[in-house]
Amino acid sequence: MNYGQRGRELLLDLKRSDWLPPYNEDCVRAVLQEINSHTEELTVLVRASNRIAGGGPTSSSSSAPPPGPAIEDRPSLILHDVSIRRNKRCLLAYHAHRIDKLRSLRWETGMLPPGLKFVLSESEVDYFNEYDKLASRHGLSGPMQMYDWTADQYPPEENLVQVRVVRDGLGKVETEYCGTVELEVGSTHYLPRGDVEHLIRSGALVQLSGEESF
Amino acid sequence: MPGYYDIDTILAEEELLTVKPKFPFAHLAHLDPDYTHRASYNGGRKRPRREGGGGEDDGQIDDLGKKRTSGRRQHRHHHHLPEGTKIQMPLWVVDRWAMLNFVGIPAPPKHYRQRMRERLEADAVHMNLCNKTDHYFLAGTILVNLLLRTVHVHRRNNPTRGGGNNASSEAESLAMERLSHDARSIQSSLLSAMMGERLCRNFDWTLSALDAMEDDVSDWVCRLSTLERRMFGRGLDASGAVKSWREYGSGRLGVSLAVLKGRTATAGGGAIASAAGMTPTGASSAGMGRKRRVVTPAMGDA
């Protein structure tokens, strides 16, 4: 029996990837199985030690045996207990990390890019869709509805940004003080940041750095 | 306080620590690396027996009297981890055992001992910490915390320090003193290694990393621990920002669109047409009123 090694593999998998690795269902199942086997082992040990403590001659009222399992059995019980807790922590950390990434993806792009779907499990895709619905409903109702919740994810540095169009079929965009601009693939524009921020986040436009724009 | 979900903390707790059981541990003989040889030598089984798992075992256990107890002891003897056996266990296991005074910690891991501390003190810059462990500083912090708590628990359980005449308790007190001293030394060594010359050199390399044509920083980066690599990344971002500012100067910051909308909404009774359809999720402001031109401080009158 290995103690928490499969859970460690899951977390190392996360550390090695740039964004998210494909959901490792086999490893998750292996960790769950390990938890079950630890639980079974723990149950057997506790039953055995209870039987010994309850049925032995040392358990008579005169000798007053110490409550609980024998002292020599306790390290083993504790080892199984901490292994269960450890595996649980690894699983929770693994899923919490992935869920955090999905939540930040929703606020960055607003949609689930098709290329990223293959790394997610079915439950994670469902979670993303439900979270998207919830966040959209929250943004559209209440006293704060006039705010654009997805604007200015990062502190703004300048009002106008230089962008290059990389996606086809964007058509024309009406800006507040630059008029109407037609976004053709490969063209470069100098536009108000607030008007095109969502297109940059969705990957339709690429913001050029200061060096490229000069 | 390390976070429950923090992945680096979880991985740092995998650091192996040598411990010695203070009494025989039942069912854990397999933790001893020499158990296989010993078992084959003694003719015992390699795998630990499950209590109550088999009929024959139960038959032996269910005998009566001292004979039963001694028989059980004999049967289980092979699956005991003997007292004083050196085993290596991860910190997350040792933590619980040490707090319950089940194990003694003879010495910290090799890369936190006196020799390594002296090497760090002599020349921290050129040490390859990644070779030792990926999470050198984080694992060291957790280790120090564990050692200090172990000492604290021991002192709390034995308040009459030095008062007992028992030789073993004296020896244990001395061991705890040594452990406490080790913990303090590791603590100061980690602090001076992380915050001293090594950190300065780390940030120096972030400046060099921007000029890819001049210096190759990969040799430096591969020597860093995870924490230092993260600091290197942050330093790189900051150096890039400073370089960009030096080259292109500082522009006037524009007011966020959200602030402008909020300000106009407060002043004008909320009749704003925000940048309609700007929300990528389709949170458009259709039906919220007329679109109004906004004057931004950065652009002047629009």
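With respect to the cross-link table entries B:Lys20/B:Lys132; A:Lys88/A:Lys117; A:Lys88/B:Lys22; A:Lys15/A:Lys117; A:Lys101/B:Lys86, which display a Cα-Cα separation exceeding 31 Å?
Beyond 31 Å between Cα atoms: A:Lys101/B:Lys86.
Based on DSSP H assignment, which helices of chain A show an axial Cα extent of at least 20 Å together with a mean Kyte-Doolittle hydropathy greater than or equal to -0.5?
Helices passing the filter in chain A: A:25-55.
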(message) How charged is the neighbourhood of B:Met195? Take every other residue with its Cβ under 14 Å from the Cβ of B:Met195, and add Lys/Arg as +1 and Asp/Glu as -1.
(response) -1
(request) Would you mind getting me the FRET efficiency between A:Phe118 and B:Ser169? Use the beta-carbon distance for r and R0 = 56 Å, nearest 0.05. (result) 0.35
(request) Would you please give the residues with an amide H less than 5 Å from that of B:Leu81, counting only those at least 5 places away or on a separate chain, with H modeled from the backbone geometry? (result) B:Phe25, B:Ala26, B:His27, B:Leu28, B:Ala29
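To make sure I understand, if each residue's beta carbon is the centre and we count other beta carbons within 10 Å, what order do A:Cys27, B:Cys222 fall in, fewest to most?
If I rank by nearby Cβ atoms, fewest first, I get B:Cys222, A:Cys27.
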(request) Please say if the range A:78-214 is rounded, prolate or oblate, where rounded means a/c under 1.5 for a ≥ b ≥ c the square roots of the C-alpha gyration tensor eigenvalues, and otherwise the choice is prolate for a/b larger than b/c and oblate otherwise? (result) prolate
(message) How would A:Thr188, B:Thr18, A:Thr150 line up from fewest to most surrounding beta-carbon atoms within 10 angstrom?
(response) A:Thr188, B:Thr18, A:Thr150
(request) Go through the range B:3-19 residue by residue and turn each phi into a ³J(HN,Hα) via Karplus (6.51, -1.76, 1.60, θ = phi - 60°); whole Hz please, and just put x for glycine and proline. (result) x, 5, 8, 6, 5, 5, 5, 4, 6, 5, 6, 7, 4, 8, 10, 7, 10
(message) Just to confirm a number: summing +1 for Lys and Arg and -1 for Asp and Glu over residues other than A:Lys172 whose beta-carbon lies under 13 angstrom from that of A:Lys172, what do you get?
(response) -4
(request) Indicate the gyration tensor shape class of the range A:5-140 (rounded, prolate or oblate), computed on the Cα atoms with a ≥ b ≥ c the square roots of the eigenvalues: a/c under 1.5 is rounded; otherwise a/b larger than b/c is prolate and the rest oblate. (result) prolate
(message) Give me A:Leu205, A:Leu14 sorted ascending by neighbouring Cβ count inside 10 Å, so fewest comes first.
(response) A:Leu14, A:Leu205
(request) Using Cα centres only, tell me the gap between the range B:93-148 and the range A:175-207 in whole Å. (result) 53 Å
(message) Under the rule of at least 5 residues apart or a separate chain, name every residue whose amide H is placed under 5 Å from the amide H of A:Val161.
(response) A:Leu191, A:Arg193
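Each reported figure results from applying straightforward, stated rules to the coordinates on display, with no laboratory input. Since the structure is predicted, the reported quantities are computational estimates derived from the model, not experimental observations. Heads up, the Cβs are rebuilt from the backbone with ideal geometry, glycines too, and the neighbour counts pull from every protein chain shown.
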